Amino acid sequence: MYKEIIICSIVIIIVVSLNILTENYTKESVALMTGNLENLKQNMILEEQNEENINKQIDNIVNNWNEKYKKLAYYIEHDELEKVKTELVLLKGNIEIREYEQGIPNLNNCIFILEHIKEKTLLQIMNIF
């Protein structure tokens, strides 16, 4: 009996530790992506920056997402991650044809989906049941 309690305790500690690590990585990834997208949104609204700079920003955002995607895909549903990727592709397409006003809704959808992913991965009672 004593042996089983120790094994169960170790398993619980490992599960909680891994959950904390993945939750922190998710929060960090979402914060980074959201910050970059908000910065891009401001540049698109103001259109003060030249289009080359905006193109570089979206390329950096897509590259960052591809790097984060590889790690997030281990523990988050692929459907949720694909939604972000789809919105980024649509946003990039609108930026390439200089349709900034049409790209802003895609940008907002991307931010919303990222925040949804963050909330969904939190260890809360409403997420457990």
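Among the residues that make up region 48-60, is at least one of them at pLDDT 90 or above, assigned to a helix (DSSP H, G or I) and under 24 Å from Leu122 (Cα atoms)? Checked against the condition, which is being at pLDDT 90 or above, assigned to a helix (DSSP H, G or I) and under 24 Å from Leu122 (Cα atoms), region 48-60 yields no hits at all. Scanning region 61-82 for residues that are surrounded by 14 or more Cβ atoms within 10 Å (Cβ to Cβ) and assigned to a helix (DSSP H, G or I) gives Ile61, Val62, Asn64, Trp65, Lys68, Tyr69, Leu72, Glu80, Leu81.
Here is a yes/no grid of residues against (1) modelled with pLDDT of 90 or more; (2) part of a helix (DSSP H, G or I); (3) buried (at least 17 other Cβ atoms within 10 Å of the Cβ); (4) under 10 Å from the mean Cα position of the chain (by Cα):
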residue: Val84; (1), (2), (3), (4): yes, yes, yes, yes
residue: Ile95; (1), (2), (3), (4): no, yes, yes, no
residue: Arg98; (1), (2), (3), (4): no, no, no, no
residue: Gln102; (1), (2), (3), (4): no, yes, no, no
residue: Asn108; (1), (2), (3), (4): yes, yes, no, no
residue: Ile111; (1), (2), (3), (4): yes, yes, yes, yes
residue: Glu115; (1), (2), (3), (4): yes, yes, no, yes
residue: Lys120; (1), (2), (3), (4): no, yes, no, no
residue: Asn127; (1), (2), (3), (4): no, yes, no, no
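Please verify whether region 17-29 includes one or more residues that are within 19 Å of Asn94 (Cα to Cα) and assigned to a helix (DSSP H, G or I). Scanning region 17-29 turns up no residue that is within 19 Å of Asn94 (Cα to Cα) and assigned to a helix (DSSP H, G or I). The set of residues from region 29-60 being among the acidic types (Asp, Glu) and either in contact with a Lys or Arg (Cβ under 9 Å, 6 or more places away or on another chain) or exposed (fewer than 11 other Cβ atoms within 10 Å of the Cβ) (or both) comprises Glu48, Glu51, Glu52, Asp59.
For region 62-73, a residue qualifies if it is touching a residue at least 24 places away in the same chain (Cβ under 8 Å), over 10 Å from the mean Cα position of the chain (by Cα) and under 23 Å from Asn19 (Cβ atoms), and exactly one does: Lys71.
In region 77-91, the residues that are under 18 Å from Asn63 (Cα atoms) reach residues that are of a type in the set (Ser, Thr, Tyr) with C-beta atoms within less than 9 angstrom, at least six apart or across chains, in these pairs: Leu81/Tyr69; Val84/Tyr69; Lys85/Tyr69.
The values are calculated or read from the model by the stated rules, or taken from the named source; none is laboratory data. Just so it is clear, the structure is predicted and the values come from calculations on it, not from any experiment. Neighbour counts run over all protein chains shown; Cβ positions are idealised from the backbone, glycine included.
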